[in-house]
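Below is one structure, written out as C-alpha cells, with a few remarks after it.
The values are calculated or read from the model by the stated rules, or taken from the named source; none is laboratory data. All figures in this text were calculated on a predicted structure; none of them were measured in a lab. Ideal geometry is used to build each Cβ from the backbone, glycine not excepted, and the neighbour counts take in all protein chains shown. Quick note on the areas: whole protein, heavy atoms, side chains included, nothing else; ligands and nucleic acids left out. Shrake-Rupley method; radii C 1.70, N 1.55, O 1.52, S 1.80 Å.
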Amino acid sequence: MRYLPLTPTDRQDMLRTIGAPSIDAFYTDVPHAAQIEGPIDGLPMHQGEFQVERHFEALAGKNRAAGDGPFFIGAGAYRHHVPASVDMIIQRSEFLTTYTPYQPEIAQGTLQTLFEFQTQVSELTRMDVANASMYDGSTACAEAAVMACRVTKRKKVILSGGVHPHYVAATRLLCEAQGIEVVALPAAIDAELALVDAVDAATACLIGQSPNVFGTITDLSPLSDAAHACKALFVSVFTEAVALGLIKTPGEMGADIAVGEGQSIGNALNFGGPYVGLFACREKLIRQMPGRLCGQTVSATGERGFVLTLSTREQHIRRDKATSNICTNSGLCALGFTAHMSLLGGTGLSRLARLNHEIACDLADEIEAIPGIELLTPRFFNEFAFRTPKPADEVLAALQAHNIIGGVRMARLLPDRTWDNVILTAATECNTKEDVDAFAGILKEVIQ
Amino acid sequence: MTMLSEGRPSQPVSGTQDHYPATLSGSRGLLQREDLIFEIGSNRETGVDLPQPRGRSDRLGGVTRSRPVELPGLSEPQAVRHYVRLSQRNYAIDLGLFPLGSCTMKHNPRLNEKLARLPGFANIHPLQPQSSVQGALQLIDELASWLKTLTGLPAVAMSPKAGAHGELCGMLAIREALKARGELSTRRRVLVPASAHGTNPATAIQCGFVVDEIKADARGRVDMDALREKLRIRDDIAGIMLTNPNTCGLFETDIRTIADLIHEAGGYFYCDGANFNAIVGRVRPGDLGVDAMHINLHKTFSTPHGGGGPGSGPTVLSEALAPFAPVPEVVRDPDGNYRLVENAVDECAQSFGRMTAFHGQMGMFVRALAYMLSHGADGLRQAAEDAVLNANYIQARLKQVMTPAFDGYCMHEALFSDAFMADGIGTIDLAKALIDEGYHPMTMYFPLVVHGAMLIEPTETESKQELDRFCDSVLLVARRAAAGDASLRQAPLLAPLHRLDETQAARKPQLKWSPPAPNAIAAE
C-alpha cells in the first residue's frame, strides 16, 4: 500500500523490540465483543491511483462546472478568477502540510502570512484589527453576535431582513443554544435601516448587511448611531469581499465588528467549502474576540518575529471560560486570500471591483429592458434580484436547457411564496459581454 | 519568569547569543531575508492584468468607499518569491517527522490534491440547480456511507466545518433530543474528564450546559469511582464528552460500562473522535455505545492541516440522535437521484437547524474519500495498526531514558512526563532542542493531567528508519535534560529565529503592520 512505509520485516523487528507478541496485544483494552476480525464488512479493498482517479473523474463529470458556459450565481459565494500563482503558493509543502504555528521558531512562514492577512483584512474593512480567520462568513456572523453579548452583557441580537438567510440560521442556532434572544426582521430588499427602530436598551447588537442578500448596497451608518445611542454594538456583514474595493466599508460606517466571507479573493467555489471567514473589530474589543490572533514580537536576539497571541481567550488555555470553542482557523484559505490580495493590491482590487460593477450594470440594463421583468434591487454592486412573470424555477430550468446557469431562485434561500418569481443573479469579471447577451436573449424568449 | 497557565514559560531567557555571523543582506545561506509585503510593494501597482474599467458607477447609489485601499500589489515574480521564501521558515510533514500528539500529522497524498482541483468539484457553486451537481451530491453520499460503515452508526451530519464545529453539532443534537423529551431545563450537567481537549468544555458551555470535571485514575483512564459518585444525582445529567482513545493515548477500558451508566442516567454519550485513527477499521464506536462522534477528516483521513485549517468535522449520530441532525442533508431518492434537504422540513422536520452556510467542506470531502478508496477496508485497518505499532516502538525505545506517564502499551501516541529531567530543565527546553535536531517538537504540556507532558504521535506514514533516526535524537536530548545541561534553555540555536517573547506580544498586542511614522522616516 503506497502510503504505508513499514515492511512486514519492519513490523516483526519492531514487535520484537517492544516485546509484544503481535499487533493484537495493543488492542487488549478494547472490549472483546467490539473487536472486528479482518477488514470491515461492506467496503471495498485498496485500489491503485489510476482506479481511484477514474472514479472521481466520473463523479466530477456529472457536475456542470461554472466554466462550462454562462454562469450567474452569487448569493454568498462568487466566481472570480484566481491567478495561477496563488494555487502554486498554497500547494507549497511547507504551507500545505504544516500545523497551527504553535512553535513559532519554525513556523514564521505561516505566522508572517497571517500577520499580512490580518493587516489586509483590517485595511479592506477599515477596522482596527482582524483575526487570523474563521471557518466562513456565516459562522463568523454567529460568533460576532455572541461576542457582542459578552461585551455588552446583554442577551438580545437583532438581524436585518437583508442578512443572508444561512447567516441568520447559523446565528440563531448558536445564540439560542446560549439563551440569547434572536430577532430576525422579515426579509426585505431595501430595509436595512429598519433596524434603527428595532433597537432597545436590552439589545446587544444590530446586525446589518451591505451588499445584502438581495444585492442592495446601503450606507449603514445610521445603524451605528442607533446602536451606540442604546449602548449596543453594530455588526456589519458582507458576503462579497471584492465589493470592499468600491463600496463604503464597515469601518467607515462605524461598525464595532465587521464579519464576512472572504472566498471571493483567492478561493474557488468548491461547492460551498472550505471558505474563509473574515472577522475584524475595534481595538478596544480585541480581548473578547474569538479565534486565532497573530502578533508581532521579538526573538531572544532582538529580531522581529511573529507569534500566536492573546491565547488566554482560547479554549486550549481557558477551557470552559474561553471566548469560543474554535480551535482551527481557515489557514490555507486565508493564505490563498493573502496571496491573491498581495498580487491585486489596493489598485487591482479597486479595478476588479469596478469591472464587476460594470458587467452587472450591463446585465441589469439588458434584463430590465425585457417587458414583464421588474428589477428589484435599487442599488447594487455585482448582484441583484428581479421578478419574472413566471415561476423562477421554470425560468431557470429553461435557461439551463440552453446551458445558462442564470441565478438562484430566491425561494431556495427564503422558503416563502412571496419569492417564487424572484431570481437572484450575480455577474463578475468572469462573465463576458457574450454571456450577458446570451442570458438576456434567452430570458426574453423564456418569459414570453 | 512569566508562565502561561499550564506552566510553560512564555519569555525567552535573557542573554541569548546569536550563533550566526552577521551578514549585510540579513540572509543566511539558503535562508533568504524577507520583509513584509507592505515593505516590498507599492500601493499604486498591481500584479494582476485587468482591463481598464469604463467608469460606470451609476447603480451604486453613491455608497462608495471614501479612501483608496492602501495595500501593495506585487508582480508575480515578487509575490512568488516572497511566499516561497516565507515557506522556507516553516517545518512541515513533507520535510520530516511531525510528532505532534493528538494532531495526527500524517502524509497528505498528492492524488487527493489533484482530484479536489478537478473543475467538476472545485468550480461548482453550492446553489447551482441540483440536477447540475448530481456527481457532487453522490460524492457526499458515498463519503457519508463510508463514515457510517466505519463507525457503525446510522447517520452522519456532513456540514460541520472542523472538529470543534463537529463537537458543537453533537452537543446541539443532544440538546435537541433533551428538548424533545421535555428535559432540557433540568438536564444541564455534562461530565468531562480532566484530560479532555479544551474544545470539549468550551463546546459544552457554548451549548448552554454546565461542565462537571471527572478526574483520571492512576492508569490514565476515567476514574470509575469518581464517575459513579458524579452519577449519584442523575436527573440533571445531559451526557458525557469522552475522548477515546483518550488524550493520554490509552483506550478507555471501561468504555462500555461508562456508556451504560450514562444511558441509565438518562444522558447521551458524546465521543470526541480526534483519535479515531488509532482504531479505524478495527473497532466501530457504535459498538461501544457512542451516541455522537465527530471525525476530523484532517486527522484520520489525511486531508492537509494547512497551517491551521481548513478542517472538516462530519459527525456520526446514533438512532436516538439521528432525527435531530442539522440541515442540509443529502438524500437518495428511489429513482436514484440525489437531493439536498436544505430546511427543517420533510425528512428533516426535527432537525435542530443549520450550522453554517451551504453544505460543508466539499474540498475536504473529495480528499478524504480519495484516501478511503485508496486504502480500502484493508488499508485503513493496516494504517491504524501501523500507527499504533509506531507509537509503541517509540515508547519502547524512549523509555530507556524518559518516564512514560503510564504503564503498559499505548495506542497511537506515547505520553511521557518530565519526571526524568534535572531541576531547572523543563519540557519546553527538550522540545526546543528537538528543533535544533531538525524535528518539530511533540505536543507539550498536554494533557494537563500529566506533569510537563510530552505527547508523541508518529502516525503510520513513517518508516522504521525515520523512527530510529527520530528516537536517536530524542534520546540524545533527553539525556542532556536528565543531566541538567543548562544550554538546553537557549535552544533552538539553529532555527530561523531564537525563542520569541510571547509575553511582550500579549502585553502590547501589535496585530497588524503600520506604516512608519512620518517623522521616523524624516529622521533616517
Checklist entry - Out of region A:244-287, which chymotrypsin sites (Phe, Trp or Tyr not before Pro) are coil in DSSP terms and have no more than 10 other C-beta atoms within 10 Å? => result none
Checklist entry - What is the dipole size for chain B, taken about its Cα centre, with +1 at each Lys and Arg Cβ and -1 at each Asp and Glu Cβ, in debye to the nearest 20? => result 1060
Checklist outcome for this item: On protein heavy atoms with a 1.4 Å probe, the accessible surface that disappears when B meets A, both sides summed and given to 100 Å², is 17500
Checklist entry - Roughly speaking, what is the centre-to-centre gap between region A:203-230 and region B:383-411 when only Cα atoms are used, to the nearest Å? => result 56
Checklist entry - How many percent of the accessible area of region B:113-370 is carbon or sulfur, using a 1.4 Å probe? => result 48
Checklist entry - When you count, for each residue, the other Cβ atoms within 10 Å and take the mean per peptide, how do B:166-173, A:65-72 rank with the highest first? => result B:166-173, A:65-72
Item to check | Listed peptides A:246-252, A:41-47 by packing density, highest first (mean Cβ within 10 Å) | outcome: A:246-252, A:41-47
Checklist outcome for this item: Using alpha carbon centers only, region A:380-408 is separated from region B:273-288 by a whole-angstrom value of 46
Item to check | Unsatisfied cross-links (Cα-Cα over 29 Å) in the set B:K161/B:K512; A:K156/A:K284; A:K321/B:K215; A:K248/B:K114; A:K153/B:K179 | outcome: A:K248/B:K114
Checklist entry - DSSP H helices in chain B with Cα extent of 20 Å or more along the helix axis and mean Kyte-Doolittle hydropathy at least 0.0? => result B:134-151, B:163-180, B:362-398
Checklist entry - Nearest-5 percent of antiparallel DSSP beta bridges in the protein assembly as shown? => result 60
Item to check | Those residues of region B:288-324 for which accessible area with every protein chain present is at least 50 Å² below the isolated value (1.4 Å probe) | outcome: B:G306, B:G307, B:G308, B:P310
Checklist entry - According to the square roots a ≥ b ≥ c of the eigenvalues of the Cα gyration tensor, what is the shape class of chain B, taking rounded for a/c under 1.5, prolate for a/b larger than b/c otherwise, and oblate for the remainder? => result oblate
Checklist entry - How about region B:340-415: which trypsin sites (Lys or Arg not before Pro) there lie in a loop by DSSP and see at most 16 other Cβ atoms within 10 Å? => result B:K399
Checklist entry - What net charge do the residues around A:V199 carry, taking every other residue with its C-beta under 15 Å from that of A:V199, with Lys and Arg at +1 and Asp and Glu at -1? => result -2
Checklist entry - Taking amide H positions as placed 1.01 Å from N in the peptide plane, with prolines and chain starts having none, which residues 5 or more places from A:E261, or on another chain, fall under 5 Å of its amide H? => result A:F238, A:T239, A:E240, A:L278
Checklist entry - For B:202-214, what's the mean count of beta carbons from other chains sitting within 10 Å of each residue's beta carbon? => result 5
Item to check | Residue-averaged beta-carbon neighbours from other chains (10 angstrom radius) around B:89-102 | outcome: 5
Checklist entry - Could you give the angle, 0 to 90 degrees to the nearest 10, between helix A:49-61's Cα long axis and the longest principal axis of the Cα atoms of chain A? => result 10
Checklist entry - Which net charge results when you count Lys and Arg as +1 and Asp and Glu as -1 among the other residues whose beta-carbon is under 10 Å from that of B:V341? => result -3
Checklist outcome for this item: For A:R16, A:R287, the accessible-area ranking with a 1.4 Å probe, largest leading, is A:R16, A:R287
Item to check | Sequence-separation-based contact order of region A:56-189, relative, with Cα cut under 8 Å and 6+ spacing, percent | outcome: 16
Item to check | CD proxy at 222 nm, helix term only [per DSSP H run n ≥ 4: -39500 (n - 2.57); per residue of chain A; nearest 500] | outcome: -11500 deg cm²/dmol
Checklist entry - Any idea what the relative contact order of region B:376-499 is, in percent, if you count C-alpha pairs under 8 Å spaced at least 6 apart? => result 30
Next on the checklist: I'd like the mean, over residues of B:70-80, of how many other protein chain beta carbons sit within 10 Å of each residue's own Cβ.
Outcome noted: 6
Checklist entry - Using the alpha-carbon atoms, what tilt in degrees (0 to 90, nearest 10) does helix A:108-125 show relative to the longest principal axis of chain A? => result 10
Next on the checklist: Rounded to the nearest 5, what % of DSSP beta bridges with both residues in region B:113-370 are antiparallel?
Outcome noted: 40
Next on the checklist: Just to confirm, what accessible area per residue do you get for region A:84-340 at 1.4 Å probe, in whole Å²?
Outcome noted: 22
Checklist entry - If you add up the charges near A:N431, with Lys and Arg at +1 and Asp and Glu at -1, over every other residue whose beta carbon is less than 10 angstrom from its beta carbon, what do you get? => result -2
Checklist entry - Using the per-residue mean of other Cβ atoms lying within 10 Å as a proxy for protection, in what order, highest first, do the peptides B:215-225, A:422-432 fall? => result A:422-432, B:215-225
Next on the checklist: Relative contact order for region A:255-350: what percent, with Cα pairs under 8 Å and sequence separation of 6 or more?
Outcome noted: 28
Checklist entry - Measuring from centroid to centroid over Cα atoms, what is the spacing of region A:298-324 and region B:472-502 in Å? => result 21
Checklist entry - In a GNM of chain A with a 10 Å cut-off on Cα contacts, which of A:A232, A:A268, A:A20 has the highest mean-square fluctuation? => result A:A20
Next on the checklist: Can you tell me what share of the DSSP beta bridges in chain A is antiparallel? A percent to the nearest 5 is fine.
Outcome noted: 60
